[in-house]
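Just so it is clear, none of the values below were taken in a lab; they were calculated from the coordinates. Source: prediction; values computed, not measured. No Cβ is skipped: glycine too gets one built from the backbone with ideal geometry, and neighbour counts run over all protein chains shown.
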Amino acid sequence: MSQWSDRAYALFEEQQRDRGIDLAWVKEKLTGLQIETPSWGYGDSGTRFKVFQKVGVPRNPYEKFDDAAVVHRLTGACEAVAIHIPWDKVSDYQKLKSYAESVGLKIGAVNPNLFQDDDYMLGSVTNANPSIRRKAVEHLLECVDIMRQVGSNALSLWFADGTNYPGQGHLRRRKRWLQEALEETYRALSPDMKMLIEYKFFEPGFYHTDVADWGMSFQAAQKLGPQAEVLVDTGHHALGTNVEHIVSYLLDEGKLGGFHFNSRKYADDDLIVGSSNPYELFLIFYQILDAHLDEDVKVRETAENIAYMIDQSHAIEPKIPAMIRSICNIQTQYAKALLINHAELKEKQENNDVLGAENVLRTAFEIDVTPLLLAVREERGLPPDPMRAFLESGYQERIAQRGVGGSSW
Ligand code: LRH
Ligand code: MN
């Protein structure tokens, strides 16, 4: 490390020791943080107005893994890549698995796609037409089989199913068809597999969405069994929703399975996580770290087995830098949350010291964790500034030979 960062870290270390923070534990946690990147985050994507095509975008899942491998090599924090079927459909999934491993990666969650086939215009597992429901379930079962072939243990389910007008669909019959589809899929899982049920309050349904909020995912997962949990996509809530409260509730119920991290200002904007409202991301990590301290082993185990995943659409951003920025933003808020003095907070909360308690959190949030992140990266032989290392690597220039018109969704 440079002299500056040595001095900065020495001062940081002294300050945290004075605050009673165990920096060895903090570094161990930071080093252990792994965040899954989405294969589709490396491809072209956009809005309903335009999908801008960029130079050098991956043309197939193998090239998506090449780009993901660069992000992992520079950050050390994203060894797994989530795949989406059929966007990442290949003839030989064994070959895809071996290729991922050959570039230092593993395949993470498998995401079925029940929202782009024309047959699913009026619903997939909730479609009034039983043969379309059957087709949808067959796709879910195909994805469970793909999980076995690629060594994935997470089936990540999002249903676009919903309606645009009152009366268009029978809400309770759709609810039951959905649960039937989930039950048949759940029965196909191997014991080491998890089913993550994502919810979203609107879009593409503009009247109702069949899995619209955390409660509907939670209830569906409760009825299915221990391998079914809730996936919280941070962009899928109505404005004003207290997402960290939902996170604390699901932790306490042992049903928080994973996140799709991104950020938004208005709707499901899928922007770089932590770019708008980083305090929310910090408060989510506060709830998770607090659950780590719980006397209830179920709550602690849930907090220790969360699938952290990014789910973003990089419509205007250069893809690989956007992913590096996302990883760094998550590491930054996680590092700040690791510096929360939980004992001091508990004492303030138990004394109903309103501003005292709030200030304990704010104090941690306002700590500059740059010296800590630099120290951890240096100790792991990683570049101190992964973004700069990428821009100086020439990789972006090398992949330009892929041309324009790579994969998009
Ligand atoms: C739906 C969603 C879902 C993915 C898709 C790419 O908005 O969050 O998780 O399948 O984005
Ligand atoms: Mn998502």
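Identify all residues within segment 225-250 that are among the acidic types (Asp, Glu), more than 12 Å from ligand 1 (Cβ to nearest atom) and in a strand (DSSP E or B); write none if there are none. Can you show your working first?
Start the filter on segment 225-250 by keeping residues that are among the acidic types (Asp, Glu), which leaves 229, 233, 244.
Imposing the further condition that a residue be more than 12 Å from ligand 1 (Cβ to nearest atom) reduces the set to 229, 244.
Scanning segment 225-250 gives a single hit, 229.
Going by the structure shown, is residue 75 touching a residue at least 40 places away in the same chain (Cβ under 8 Å) and within 17 Å of the chain's Cα centre (by Cα)? Outline the logic, then answer.
Values: touching a residue at least 40 places away in the same chain (Cβ under 8 Å): yes; within 17 Å of the chain's Cα centre (by Cα): yes.
Yes, satisfied.
Taking segment 129-180, which residues are polar (S, T, N, Q), surrounded by fewer than 20 Cβ atoms within 10 Å (Cβ to Cβ), over 23 Å from residue 107 (Cβ atoms) and touching a Phe, Trp or Tyr at 6+ places or on another chain (Cβ under 8 Å)?
Of all residues in segment 129-180, those polar (S, T, N, Q) come to 129, 131, 149, 152-153, 156, 163-164, 168, 179.
Checking the rest, the ones that are also surrounded by fewer than 20 Cβ atoms within 10 Å (Cβ to Cβ) come to 129, 131, 149, 153, 164, 168, 179.
With over 23 Å from residue 107 (Cβ atoms) added as a condition, the list becomes 129, 131, 164, 168, 179.
Once the filter is applied, which keeps residues that are polar (S, T, N, Q), surrounded by fewer than 20 Cβ atoms within 10 Å (Cβ to Cβ), over 23 Å from residue 107 (Cβ atoms) and touching a Phe, Trp or Tyr at 6+ places or on another chain (Cβ under 8 Å), segment 129-180 yields 164, 168.
Condition first: crowded, with 22+ Cβ neighbours inside 10 Å, within 14 Å of the chain's Cα centre (by Cα), hydrophobic (A, V, I, L, M, F, W, C) and away from ligand 1 (no atom under 11 Å from the Cβ). Can you find one or more residues in segment 199-221 that meet it?
Scanning segment 199-221 turns up no residue that is crowded, with 22+ Cβ neighbours inside 10 Å, within 14 Å of the chain's Cα centre (by Cα), hydrophobic (A, V, I, L, M, F, W, C) and away from ligand 1 (no atom under 11 Å from the Cβ).
Please specify each residue of segment 58-79 satisfying the condition of being small (Gly, Ala, Ser) and touching a helix residue (DSSP H, G or I) at 6+ places or on another chain (Cβ under 6 Å). Full working, then the answer.
Looking only at segment 58-79, we keep the residues that are small (Gly, Ala, Ser), and these are 68-69, 76-77.
Correct list: 77 only.
Of the residues 323, 309, which single one is in contact (Cβ under 8 Å) with a residue 12 or more places away in the chain, part of a helix (DSSP H, G or I) and buried (at least 23 other Cβ atoms within 10 Å of the Cβ)?
Details: 309 fails: part of a helix (DSSP H, G or I).
Within the list 323, 309, the selection yields 323.
Give 32, 41, 20, 46 a once-over and let me know the one that is within 16 Å of ligand 1 (Cβ to nearest atom), out of contact with any Lys or Arg (no Cβ under 9 Å at 6 or more places or on another chain) and not acidic (Asp, Glu).
Numbers: 32 fails: within 16 Å of ligand 1 (Cβ to nearest atom); 41 fails: out of contact with any Lys or Arg (no Cβ under 9 Å at 6 or more places or on another chain); 20 fails: within 16 Å of ligand 1 (Cβ to nearest atom).
None of the others qualify; the one that does is 46.
Out of 383, 371, which single residue is of a type outside the set (Gly, Ala, Ser) and either on the phi > 0 side of the Ramachandran plot or in a helix (DSSP H, G or I) (or both)? Even if it seems obvious, please write down each step before you answer.
Working: 383 fails: either on the phi > 0 side of the Ramachandran plot or in a helix (DSSP H, G or I) (or both).
The conditions single out 371.
Considering 149, 179, 168, which residue is in a loop (DSSP other than H, G, I, E, B) and either more than 16 Å from ligand 1 (Cβ to nearest atom) or not small (Gly, Ala, Ser) (or both)? Before you say what the answer is, go through the steps one by one.
Values: 149 fails: in a loop (DSSP other than H, G, I, E, B); 179 fails: in a loop (DSSP other than H, G, I, E, B).
Matching residue, one of 149, 179, 168: 168.
Out of all the residues in segment 301-330, which are closer than 24 Å to residue 345 by Cβ, touching a helix residue (DSSP H, G or I) at 6+ places or on another chain (Cβ under 6 Å) and not β-branched (Val, Ile, Thr)?
Listed by number, the list holds a single entry, 303.
State whether the residues of segment 134-141 include one that is within 26 Å of residue 247 (Cα to Cα) and touching a residue at least 24 places away in the same chain (Cβ under 8 Å). Spell out the reasoning first.
Pass one, segment 134-141, residues within 26 Å of residue 247 (Cα to Cα): none.
Taking every residue of segment 134-141 in turn, none turns out to be within 26 Å of residue 247 (Cα to Cα) and touching a residue at least 24 places away in the same chain (Cβ under 8 Å).
So that you can scan it fast, the table gives a plain yes or no per residue for (1) of a type in the set (Asp, Glu); (2) assigned to a helix (DSSP H, G or I); (3) buried (at least 17 other Cβ atoms within 10 Å of the Cβ); (4) within 18 Å of the chain's Cα centre (by Cα):
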site: 46; (1), (2), (3), (4): no, no, no, no
site: 51; (1), (2), (3), (4): no, no, no, no
site: 63; (1), (2), (3), (4): yes, yes, yes, no
site: 69; (1), (2), (3), (4): no, yes, yes, yes
site: 82; (1), (2), (3), (4): no, no, yes, yes
